[in-house]
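Before any comments, here is the structure.
The values are calculated or read from the model by the stated rules, or taken from the named source; none is laboratory data. The shown structure was predicted, so the numbers you read here are calculated from the model rather than taken from an experiment. Because the Cβ atoms are built from the backbone with ideal geometry, glycine has one as well, and the counts that use them run over all protein chains shown. Ligands, DNA and RNA are stripped out before the accessible areas are found, and what is left, the full protein with its side chains, is counted by its heavy atoms. Shrake-Rupley method; radii C 1.70, N 1.55, O 1.52, S 1.80 Å.
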Amino acid sequence: MELEKRHTLIKEWLAVIKDFIIKELNKERIIERKSHWNDLVTDVDILIENYLIKQIEIHFPGELILGEETADTRIAMNQINIEEERLWIIDPLDGTLNFITSQKDYAVLIAYYEKGIGQAGYIMDMNSYDVYHAFHNQGVYKNDQTFQLKNSDAQLYEGFVAFNSKVVYLERYEKIRQIGKKCLGVRGTGSAGLEAVNLLNQYTVAYLSSSLMPWDIGAATILLEEAGLKSSDFEGRDLKLTGSSSVIYAYPSSFNEIHHHLKNEKNEQ
Ligand code: IPD
Ligand code: CA
Ligand code: CA
Ligand code: CA
């Protein structure tokens, strides 16, 4: 009942955000630089995040909110034990650089956790406007219809693997890059949320990314685990809700192949 109320509201919020973004397309953007020259934020990211925060505060006062553009420093400083709390994790636009450059390949991500357990995850794919969601132990839905994977398992040779940019250009990820030799080919969208959608649709069989933040993966982890896929960091540890982490999401056999490769095989040039 509680989750249903959240679900009804989240769907309303996503519908408002979708209409808002569509109206904003092709307008001149206000773009600001954050930590580096290519770490950018637009007025649209900020307006969506502020809208979501306002809605959560109205309907669920007192619950914690971790949003990319307004990250709660108490959480970052570990002053709050989020494993004890009701926590919203939001990424108002995932794929901001894609939004700025092409207005394609971006998503809106919302997740809700209770005591560290993902209760509800939402990804709105802004190419198709499809909304994928999952509740804890209740499977995955696409536009509110039950969603089934094409196959519950897949090996690396059967599909594409996605990497993020740092895996491609940093020398230290050579061993990760060699996974590219074992799969059909290497891809990358620039949106962690859309990588989860690509996995759900078995366009890819694995996604490996260095340095993702909780808002990049909060919703995806819930959806992919509910779909029966596996997740960990590059060392095989469970993903955390704080700080930056490497991430592997994959179909079970691909996941085992990746970890076997990372543990056992020497770097090949
Ligand atoms: C980014 C995307 C991208 C990933 C970056 C993230 P943003 O999120 O998810 O795929 O490689 O690390 O920062 O900034 O566009 O929300
Ligand atoms: Ca960003
Ligand atoms: Ca993101
Ligand atoms: Ca973002």
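The GluC sites (Glu not before Pro) of region 210-269 that DSSP puts in a loop, and whose beta carbon has at most 13 other beta carbons within 10 Å, are Glu235, Glu265, Glu268. Label-point separation (nm) for Lys5 and Ser244, each offset 7 Å from Cα along Cα-to-Cβ? Each label point is offset 7 Å from its Cα along the Cβ direction, giving 3.9 nm.
Sparse packing (at most 16 other Cβ atoms within 10 Å of the Cβ) combined with a DSSP loop state is found for the following trypsin sites (Lys or Arg not before Pro) in region 1-104: Lys27, Arg29, Lys34, Lys104. Once the chain from Gln145 to Glu174 is taken as fully extended at 0.36 nm per residue, the excess over their C-alpha distance is 6.4 nm.
Over 26 Å apart at the Cα level, from the set Lys34/Lys115; Lys142/Lys230; Lys23/Lys104; Lys142/Lys263; Lys150/Lys175; Lys182/Lys240, are Lys34/Lys115; Lys142/Lys263; Lys150/Lys175; Lys182/Lys240. Seen from Val186, the other residues with C-beta closer than 13 Å to its C-beta sum to a net charge of +3, counting Lys and Arg as +1 and Asp and Glu as -1. The angle between the Cα long axis of helix 214-226 and the longest principal axis of the Cα atoms of the chain comes to about 70 degrees, rounded to the nearest 10. Note on Asp153 and Ala76: their simple-model spin labels are 4.3 nm apart, each label 7 Å out from Cα toward Cβ.
Heavy-atom accessible surface of region 185-262, averaged per residue, reaches 31 Å², computed with a 1.4 Å probe.
Counting protein heavy atoms only, the chain has 49 percent of its accessible area on carbon and sulfur, 1.4 angstrom probe. Restriction of the GluC sites (Glu not before Pro) in region 8-102 to DSSP coil positions whose beta-carbon has at most 11 other beta-carbons within 10 angstrom yields Glu28. Could you give the length gained on full extension between Lys181 and Gln138, defined as 0.36 nm per residue of separation minus the Cα-Cα distance, in nm? Value of the extension gain: 11.9 nm. Surface exposure of region 31-93, expressed per residue as accessible area with a 1.4 Å probe, stands at 54 Å².
Counting only DSSP beta bridges whose two residues both lie in region 125-269, roughly 65 percent are antiparallel. Beta bridges assigned by DSSP with both partners in the chain are antiparallel in approximately 75 percent of cases.
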